[in-house]
Amino acid sequence: GEDVEQSLFLSVREGDSSVINCTYTDSSSTYLYWYKQEPGAGLQLLTYIFSNMDMKQDQRLTVLLNKKDKHLSLRIADTQTGDSAIYFCAESKTNNAGNMLTFGGGTRLMVKP
Amino acid sequence: EPEVTQTPSHQVTQMGQEVILRCVPISNHLYFYWYRQILGQKVEFLVSFYNNEISEKSEIFDDQFSVERPDGSNFTLKIRSTKLEDSAMYFCASKPDRLNTEAFFGQGTRLTVV
């Protein structure tokens, strides 16, 4: 079955870049996502990448996809204290159920001032 | 901005009791989902719902679980006889159509079974 793995924890200093990594096993994944969860809040979609792309940039966020190695990363430039949260990688495939998501365990990002 | 709303935010129930978790998806959305996250574990897919029927469900979604869209606006998850291991955060999500990439999530309901 599908599996998505992430490291548990990342600590950076304010102003530095953060890189959160994710690996997945299902080569038929169509879309790969990054969600953010702040304390007490729901899951907020940050960005996504289609599986035929290598890179996507959206303001401070850069997503890199290495399809051969099944490796996805999220780079946050100029990390701010407000970026402290749990970041979830997720994958989906187009199917009759309308793209159900398979999530990783989440990476807790702590940004120190 | 439209959002998915879930009630209650926290539900405490005794083992063996029935609970109903409620969700109001975004009004023009057609696909609805329930996910759950046991503390310290991954967010797991439970069930998807489209055109008034279940379109896919996971192994977790056994006979103790059911979903309903009783009135065209609410989307509910019922657990008939709760177990301690049902304690988790339950997230509702909706999408406007099958191909849309973004699923909009609610804030979650924390269910505690004692």
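Side notes on the structure shown:
- Screening the stretch A:1-88 for strands (runs of 3 or more DSSP E) wholly inside it with 1 or more residues that are farther than 26 Å from B:F91 by Cβ returns the ranges A:9-13, A:18-24, A:55-58, A:61-66, A:71-76.
- Residues that are part of a loop (DSSP other than H, G, I, E, B) and more than 15 Å from B:A93 (Cβ to Cβ), drawn from the stretch B:1-27: B:E1, B:P8, B:S9, B:Q14, B:M15, B:G16, B:Q17, B:E18
- Residue in the stretch A:23-33 that is away from chain B (no Cβ under 13 Å) and touching a Leu at 6+ places or on another chain (Cβ under 9 Å) present: yes
- Leading residue by the ranking (surrounded by the most Cβ atoms within 10 Å (Cβ to Cβ)) among those in the stretch A:34-49 that are within 8 Å of chain B (Cβ to nearest Cβ) and either within 15 Å of A:L65 (Cβ to Cβ) or touching an Asp or Glu at 6+ places or on another chain (Cβ under 6 Å) (or both): A:Y48
Residues are listed down the side, and each one gets a yes or a no for (1) within 20 Å of B:Q107 (Cβ to Cβ); (2) among the acidic types (D, E); (3) touching a residue at least 60 places away in the same chain (Cβ under 8 Å); (4) in a loop (DSSP other than H, G, I, E, B):
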{"position": "B:L39", "(1), (2), (3), (4)": "yes, no, no, yes"}
{"position": "B:E44", "(1), (2), (3), (4)": "yes, yes, no, no"}
{"position": "B:F49", "(1), (2), (3), (4)": "yes, no, no, no"}
{"position": "B:S55", "(1), (2), (3), (4)": "no, no, no, no"}
{"position": "B:E59", "(1), (2), (3), (4)": "no, yes, no, yes"}
{"position": "B:D62", "(1), (2), (3), (4)": "no, yes, no, yes"}
{"position": "B:V67", "(1), (2), (3), (4)": "yes, no, no, no"}
{"position": "B:P70", "(1), (2), (3), (4)": "no, no, no, yes"}
{"position": "B:L77", "(1), (2), (3), (4)": "yes, no, no, no"}
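- Tally of residues being more than 18 Å from A:Y33 (Cβ to Cβ) and out of contact with any Pro (no Cβ under 7 Å at 6 or more places or on another chain) across the stretch A:11-22: 6
- Qualifying residue in the stretch A:5-17 (condition: closer than 18 Å to B:Y33 by Cβ and within 10 Å of chain B (Cβ to nearest Cβ)): no
Every read-out reported here was derived from the displayed coordinates using simple, explicitly stated rules and does not represent laboratory data. What you are looking at is a predicted structure, and each value in this text was computed from that prediction instead of being measured. Using ideal geometry, Cβ is built from the backbone for each residue, glycine included, and neighbour counts are taken over all protein chains shown.
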